[in-house]
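Visitor: What follows is a structure written as structure tokens; I'll ask about it next.
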Amino acid sequence: MENEFACKNCGNRVGDGPHSEEQGHCSPSRVAEGPTGQAEEGTHYTQRGGGGGAGEGFDVAKTGDARIGFVGFPSVGKSTLLSNLAGVYSEVAAYEFTTLTTVPGVIRYKGAKIQLLDLPGIIEGAKDGKAGAGRSLQVQLALAWSGFLTKSVDQSTVARTCNLILIVLDVLKPLGHKKLIEHELEGFGIRLNKKPPNIGFKKKDKGGINFTATCAQTELDGDTVKSILAEYKIHNADITLRGDCTADDLIDVVEGNRVYIPCIYVLNKIDQISIEELDIIYKVPHCVPISAHHRWNFDDLLERIWDYLQLVRIYTKPKGQLPDYTAPVVLPDEKTAVEDFCLKIHKNLIKEFKYALVWGMSVKHNPQKVGKDHVLEDEDVIQLVKK
């Protein structure tokens, strides 16, 4: 038992809380170090009060233009995939539970800086706070420290802050693992490859339940809606269903703590299956088959990641100079107005903004004079003119 709770990095015994350099243990940020011993640029650990689990919680500061979380059962190849994609050392071995804390790395793709997080191996029942024996308990403690497992669902848990989740599966046993991981993430309030329900919900002080449906409903009616709201002790509210919604959709809206994240299922170890089986896998939605060990099909995976992240690159053009195509300003697809571009650079820039000249697909002629509300498109070129 003494060895069971020894630090994987320094060998010292784990106490009641996470390691610290003062206790003679290695710093959590050491896990982010590469083969040269230098931590990835732009990657920082921040200490925060833990809602569940022992001691303080450690989270990874969000850096770059997007964040991707690697989720999966132990020994499916998450650490190997991260190491080969980003060149970051994440302990790899043939036995389970070698990754005990969140391991960050950074890649640059098409001008965007993308943070990759290797989350510890999922344990069935983690969302319910079930603690196993031996190594499982140690991993659950590590999960709690990294912010992924808390007694109550924490809005700032690592997986919930990701722009994209990669569920890494063993191609020889994908379906069972896929269902279990989806169930665990559902328990954390994470909805994969879904859009928020088109439901209007507004509480009020009086007037009862005002139910309106703009289209035919197969599951919900006025009585069902009232009974669901009564479970939450809500007796005065306006409910508008703008699509064919389910009871689960309504519950998600009422609770209001759900996050909707795109997901790619990465089927690893395709070197162990036949060509015929590989052709079948390629037809499964949201799936990308790879071999992390042999680095097979990484180009397809990176291109799919780029499509799912929906990032927009904007190139800057100083007055009298050629555009800078080496360092684009990267914006999320839902925030691509000129004002968003200015705020991404500096919050005070919008105060000095007069107008902008834009070249690209978002304008009818090049260049075109636009205001702060103009919506930019991918690979537009912009020149700002100050007051």
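Visitor: Quick one: what Rg and Dmax do you get for segment 252-310 from the alpha carbons, in Å?
Guide: Cα-based Rg and Dmax for segment 252-310 come out at 14.9, 47 Å.
Visitor: Of LYS78/LYS344; LYS78/LYS110; LYS78/LYS194; LYS110/LYS179; LYS78/LYS335; LYS110/LYS335, which ones are farther than 26 Å apart at the Cα?
Guide: LYS78/LYS344; LYS110/LYS179; LYS78/LYS335
Visitor: Between CYS215 and ASP271, 0.36 nm times their residue separation minus their Cα-Cα distance comes to what?
Guide: Working it through step by step, the gained length comes to 15.3 nm.
Visitor: Treat each spin label as a single point 7 Å out from the Cα along the C-beta direction, and report the TYR232 to ASN198 distance in nm.
Guide: Result for the modelled spin labels: 2.0 nm.
Visitor: Here's another thing I want to ask about it. For LYS226, which lysines qualify as cross-link partners when the Cα separation must be under 20 Å and same-chain residues fewer than eight apart are set aside?
Guide: LYS202, LYS203, LYS204, LYS206
Visitor: Which value in nm describes the separation of the simple spin-label points at GLU377 and ALA327, placed 7 Å from the Cα toward the beta carbon?
Guide: Result: 2.8 nm between the two label points.
Values in this text are rule-based calculations from the coordinates and carry no lab data. On a predicted model such as this, the values are computed, not experimentally measured, just so you know. Cβ: placed from backbone, ideal geometry, glycine included. Neighbour counts: every protein chain shown.
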